[in-house]
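The values are calculated or read from the model by the stated rules, or taken from the named source; none is laboratory data. All figures in this text were calculated on a predicted structure; none of them were measured in a lab. Cβ: placed from backbone, ideal geometry, glycine included. Neighbour counts: every protein chain shown.
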């Protein structure tokens, strides 16, 4: 059984039991492969307000980058007001499309790895998640016109409608734990949100 900080425990508290079990298996397999990660702020279950805040931050960051003339390598210019373009630069799902709100997804931030590059470490972690654990890995997602991925994101292999039904049955039994967990996750780390 992997060990977690109190902050990570709080951030993972609202995950569906299946999601939590798969995350634990991924962590064990990742550690065995020399990859060590944490669950960043907003990396577990999110409220609608959390997701909306991430979308707002994403939009502001992309708009700021555009004004400053920054163009990420391999990504197209984004004209003002281009919602799909913003999502391709900085993947954050709109509140109605995120698996995080139903406890069916989590994000990671790799801290230590033995790969040549950070991208190679995320690719290896994604491969482990897909092939050995049974999760969908955002590293292999292709969103927007340029096929941008979300290397930090992992989710159940179920439809969003299915996970919403499961979460609706799970949430009433777990509400105190979810609320405490989200509060703890939010109190212990200020910054470094991620996608999905």
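Has the stretch 46-69 got any residue that is modelled with pLDDT of 75 or more and assigned to a loop (DSSP other than H, G, I, E, B)? Scanning the stretch 46-69 turns up at least one residue that is modelled with pLDDT of 75 or more and assigned to a loop (DSSP other than H, G, I, E, B).
Of the conditions (1) modelled with pLDDT under 50; (2) within 14 Å of residue 47 (Cα to Cα); (3) surrounded by fewer than 19 Cβ atoms within 10 Å (Cβ to Cβ), residue 171 fails just one. Which one is it? The one condition residue 171 does not meet is (1).
Checking each residue in the stretch 4-30 for being out of contact with any helix residue (DSSP H, G or I) (no Cβ under 9 Å at 6 or more places or on another chain) and loosely packed, with under 15 Cβ neighbours inside 10 Å picks out 21, 28.
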